[in-house]
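Peer 1: Have a look at this one.
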Amino acid sequence: MPLKSRHLLGLEQLTREEINLVLDTASSMKEILGRPIKKVPALRGKTVINLFYEASTRTRTSFELAAKHLSADSVNIATAASSVTKGESLIDTAATLRALGADAVVLRHPMAGAPHLLARKVDCAVINAGDGAHEHPTQALLDLFTIREKKGRLADLTVVITGDIAHSRVARSNIWGLSKLGARVRLCGPETLLPSGLEQLPVEKYHDFDRAIAGADVVMMLRLQLERQQQGLFPSLREYARLYGLSRQRLGLAAPDALVMHPGPINRGVEIAADVADGAQSVINEQVTNGVAVRMAVLYLLIGGGGGNESDPAGR
Ligand code: CP
């Protein structure tokens, strides 16, 4: 069963079966990452271009590594050093990259909907690496993969997502992915950091973090996106950390084996205490490692030619 679209724009559009296909393919890819030589020829001759209009460490690097592990050629465009600075539009930039032979463009852009526009204009796969506050599908896929790997399932788990939900593309993609795979999603934050329209989504809304975290199987913390916020959404960082920060004491209210997750980058001492981020329940570094396997799976399924029907990409 292949993915229906040639693009990955968000988890809102993916079915439960398609999400499971990506996660199952990522399991094969993770096996490759455990080998002494982490390379298979699955995407030999293909070209992947990372076009990032916003800063990134994890996403850009893991897409680059994912392409290299699958033997694709991988190129990074830093827009600050490209002809974007001379006024070239997103569409013209992508058309140029396609003319240079791109099979996939991985796009991060501050405007919600930018990858959707690109997908209508260029004749190659488009992968959304984060569009404004809209979606970040590969981050949510790696989060789902990490939870499934640790807990063995998603169904019937309680996942609390706390922090700046209003500005979080990670939260939005996770809401779709977690609910499609049967998890219960609790969203928690001050009213000013919760988006309007939540009643239309399959989530429960909380303002009291102690109530939201009670018995949770997974605690997913989000960074305060000060760069996307207007002033005055909460009284002070100190107040925010007291009410919505994950301390060791507050983590004690969750299930004893609860996972602590964060998409990064972390603001230590704001949304998460340093000893919790580095503690035994934290899977933050495993999320990063799994990001490579998940992005290998996405690239393979979109431009590998087999849409999931080819022989095992791990060559077993
Ligand atoms: N989680 C995430 O998207 O991190 P980067 O901004 O470093 O890619």
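Peer 1: With every protein chain present, what accessible area does residue 46 have (1.4 Å probe, heavy atoms only), rounded to the nearest 10 Å²?
Peer 2: 60
Peer 1: Based on the Kirkwood radius over alpha-carbon pairs, what is the Stokes-Einstein translational diffusion coefficient of the range 1-77 at 37 °C with 0.692 mPa s viscosity, in µm²/s?
Peer 2: Details: Rh = 14.0 Å.
Value of D from the Cα-based Kirkwood radius: 234 µm²/s.
Peer 1: Run the dipole for the chain about the Cα centre, Lys and Arg Cβ at +1, Asp and Glu Cβ at -1, nothing else charged, and hand back the magnitude in debye, nearest 20.
Peer 2: 460
Peer 1: Treating the Cα atoms of the chain as identical point scatterers in vacuum, please give the log10 of the normalised Debye intensity I(q)/I(0) at q = 0.13 Å⁻¹, two decimals.
Peer 2: These q points yield log10 I(q)/I(0) values of -0.92.
Peer 1: Provide, for the chain, the number of lysine pairs with alpha carbons under 16 Å apart, each pair being eight or more places apart or on different chains.
Peer 2: On the way: 30/38; 30/39; 30/68; 30/150; 38/68; 39/68; 46/68.
So the count of such lysine pairs works out to 7.
Peer 1: A further question follows. Per Stokes-Einstein, at 4 °C and 1.567 mPa s, what whole-number D in µm² s⁻¹ belongs to the range 86-240, with the Kirkwood radius over Cα pairs as the hydrodynamic radius?
Peer 2: On the way: Rh = 17.1 Å.
For the chosen part, D equals 76 µm²/s.
Peer 1: Okay, moving on. Between the range 160-184 and the range 69-87, what is the separation of their alpha carbon centroids in Å?
Peer 2: 30
Peer 1: In degrees from 0 to 90, rounded to the nearest 10, what is the angle of the helix 137-151 Cα long axis to the longest principal axis of the chain?
Peer 2: 60
Peer 1: Continuing with the same structure: Suppose R0 equals 51 Å. What FRET efficiency, 1/(1 + (r/R0)^6) with r the Cβ-Cβ distance, do residue 200 and residue 39 give to the nearest 0.05?
Peer 2: 0.70
Peer 1: Taking the Cβ of residue 190 as the center, what net charge do the other residues with Cβ under 13 Å away carry, scoring Lys and Arg +1 and Asp and Glu -1?
Peer 2: Local net charge: -3.
Peer 1: Identify the residues of the range 132-173 with backbone N under 18 Å of a label point that sits 7 angstrom from the Cα of residue 253 along the Cα-to-Cβ direction, or state none.
Peer 2: From the range 132-173, the list is 158-165.
Peer 1: Tell me, what % of the accessible area of the range 64-143 is carbon and sulfur with a 1.4 angstrom probe?
Peer 2: Looking at the range 64-143 in its full context, I get 56 percent from C and S.
Peer 1: Multiply the residue separation of residue 80 and residue 13 by 0.36 nm, subtract the distance between their alpha-carbon atoms, and state the gained length in nm to one decimal. Numbers along the way, then the final one.
Peer 2: Working: separation 67, 0.36 × 67 = 24.12 nm, distance 3.15 nm.
This chain segment gains 21.0 nm when fully extended.
Peer 1: Stretch residue 5-residue 150 to full length: gain in nm at 0.36 nm per residue minus the Cα-Cα span?
Peer 2: Computed gain between residue 5 and residue 150 is 49.3 nm.
Peer 1: Might you tell me the accessible area per residue for the range 33-129, computed with a 1.4 Å probe and given in Å²?
Peer 2: 46
Peer 1: What would the Debye equation give as log₁₀ I(q)/I(0) for the range 180-267 at q = 0.13, 0.23, 0.24 Å⁻¹, counting only Cα atoms as equal point scatterers?
Peer 2: Debye curve over Cα of the range 180-267, log10 I(q)/I(0) at q = 0.13, 0.23, 0.24 Å⁻¹: -0.46, -1.40, -1.48.
Peer 1: Additional query: Tally Lys/Arg at +1 and Asp/Glu at -1 over every other residue whose Cβ is under 13 Å from the Cβ of residue 158; what's the total?
Peer 2: Combined, the nearby Lys, Arg, Asp and Glu give +1.
Peer 1: A further question on this structure: So what's the back-of-envelope 222 nm ellipticity for the chain, counting only DSSP H runs of four-plus at -39500 (n - 2.57) apiece and dividing by all residues, rounded to 500?
Peer 2: Numbers: 11 runs with 116 residues, N = 316.
Value at 222 nm, helices only: -11000 deg cm²/dmol.
Peer 1: If you don't mind, another one. List the residues of the range 231-254 whose backbone N lies under 14 Å from a point placed 7 Å from the Cα of residue 275 along the Cα-to-Cβ direction.
Peer 2: 246-252, by backbone N distance to the label point.
Peer 1: Let me ask something else. Using the Karplus curve 6.51 cos²θ - 1.76 cosθ + 1.60 with θ = phi - 60°, what ³J(HN,Hα) values do you get for each residue of the range 14-19, in whole Hz, with x for Gly and Pro?
Peer 2: Result, ordered by residue: 7, 7, 4, 5, 5, 4 Hz.
Peer 1: Count charges around residue 145 for me, please; just the other residues with Cβ under 15 Å from its Cβ, Lys/Arg as +1, Asp/Glu as -1.
Peer 2: +3
The values are calculated or read from the model by the stated rules, or taken from the named source; none is laboratory data. None of the values given here were measured: they were computed from a predicted structure. Positions of Cβ are backbone-derived with ideal geometry, glycine not excepted, and every protein chain shown enters the neighbour counts. What goes into the accessible areas is simple: the full protein's heavy atoms, side chains included, and nothing from ligands, DNA or RNA. Shrake-Rupley method; radii C 1.70, N 1.55, O 1.52, S 1.80 Å.
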